[in-house]
1. Being closer than 25 Å to residue 206 by Cβ and under 14 Å from the mean Cα position of the chain (by Cα): is that true of residue 17 here?
2. Failed condition for residue 268, given (1) assigned to a helix (DSSP H, G or I); (2) surrounded by 22 or more Cβ atoms within 10 Å (Cβ to Cβ); (3) not basic (Lys, Arg), with all others met?
3. Across segment 72-98, which residue is farthest from residue 177 (Cα to Cα) among those that are surrounded by fewer than 18 Cβ atoms within 10 Å (Cβ to Cβ) and at pLDDT below 85?
4. Mind listing just one residue for me: the one in segment 32-50 that is in a helix (DSSP H, G or I) and more than 19 Å from the chain's Cα centre (by Cα) and, of those, modelled with the highest pLDDT?
5. When segment 176-213 is examined, which residues are found to be of a type in the set (A, V, I, L, M), crowded, with 18+ Cβ neighbours inside 10 Å and outside any helix (DSSP H, G or I)?
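The values are calculated or read from the model by the stated rules, or taken from the named source; none is laboratory data. Since this is a predicted model, take the numbers as computed values, not measurements. For neighbour counting, all protein chains shown are included, and Cβ atoms are generated from backbone atoms with ideal geometry for every residue, glycine included.
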Amino acid sequence: MELIIYVVIGLALLFDFLNGVHDSSNIVATMISSRALSPKAALWMTALANFFGPFIFGVAVAETVGHEIVAAESINIAVLLAALASAIVWNLLTWYLGFPSSSSHALFGGIIGAVIAGAGWQAIHLPGLEKIIIALFVSPIIGFVLGFIFLRIIFLLCWNATPRINTFFRKGQIVTALALALSHGTNDAQKTMGIITLALVTGGFLEVFAIPVWVIILCAAMIALGTALGGWKLIRTLGGKFYKIKPIDGFTSQLTSAAVILGASLVGGPVSTTQVVSSSIMGVGAAERMNKVRWGVAQEIAVAWLLTIPATALLAIGVYWLLHLIIPYATSSPG
């Protein structure tokens, strides 16, 4: 059993690393596209902010993921293995194809499918699941609306400004990108913190659900490392395919995204950084003019979002039954 726990921790950290690679584009794409910072400087600044996010704003999201979706006593280690494996496979596939699907959707789809396979629907806490679904699906709508409103407000405030205002927005993106990176580290790194702590409780290494400091450090470090290495295909998608990003667009979309993600993090709502940033970029573009946004690209990303949860849920079910055949003791009931 101890070996299986180590495997779960290893897979969780791998998912965290891939999450950083996958989501680095969400934070730096607009900043690079508008030439506020060089790609290398943007990625390293973002990585450091990602690391410190959970230490500054707490671990409410980890509590939601590890404690409010499913009870540790009702699942086995294979459930967590299957959930992580399906999310990792999906992340690698979408990373290879170069379109920004949601790592959060992949993880929660994997959890849902694995829990159904290993313990049945009754093992899922519906209030916790509802909280996650609301956070995931409402946050991009809020991102779009706030992006639209924020840009209109900024236009009103700057209606008589000279072109030199672009310098302010370009430099201002350093601050908004830091805020976005801190919020990203606060939200996304915590999802695997919750999974690892749940595994420790399930395996009997912890008596109650309480996130150890070493888990926070490891998860924050892995998502920071993934962010530093970056996902260049995805940066190109977010940075240029919706429309040509100007300094005011980058500033406003980052400000919007940071506000939405940090707000959700403080109340324990796990959100998709990919969704929030993409919808914020679209909201900002639409505020200038509706035909500025390349809606065809947005539709392709929306399809990826819709496919992710059912695809990873089915994949997790298949992985669970494969584990049942290969290592049956891992699928035995806890205790």
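1. Values: closer than 25 Å to residue 206 by Cβ: yes; under 14 Å from the mean Cα position of the chain (by Cα): yes.
Criteria met by residue 17.
2. It fails just one condition, (1).
3. To start, the set of residues in segment 72-98 that are surrounded by fewer than 18 Cβ atoms within 10 Å (Cβ to Cβ) comprises 73, 89, 92-93, 96-98.
If we keep only those that are at pLDDT below 85 as well, we get 73, 96-98.
Details: 73: 40, 96: 26, 97: 26, 98: 22 Å.
So, considering only residues that are surrounded by fewer than 18 Cβ atoms within 10 Å (Cβ to Cβ) and at pLDDT below 85, the one farthest from residue 177 (Cα to Cα) is 73.
4. Keep residues of segment 32-50 that are in a helix (DSSP H, G or I), which gives 32-33, 39-50.
When the remaining residues are screened for being more than 19 Å from the chain's Cα centre (by Cα), the result is 32-33, 39-41.
Details: 32: 70, 33: 68, 39: 74, 40: 75, 41: 78.
Here the residue is 41.
5. Once the filter is applied, which keeps residues that are of a type in the set (A, V, I, L, M), crowded, with 18+ Cβ neighbours inside 10 Å and outside any helix (DSSP H, G or I), segment 176-213 yields only 211.
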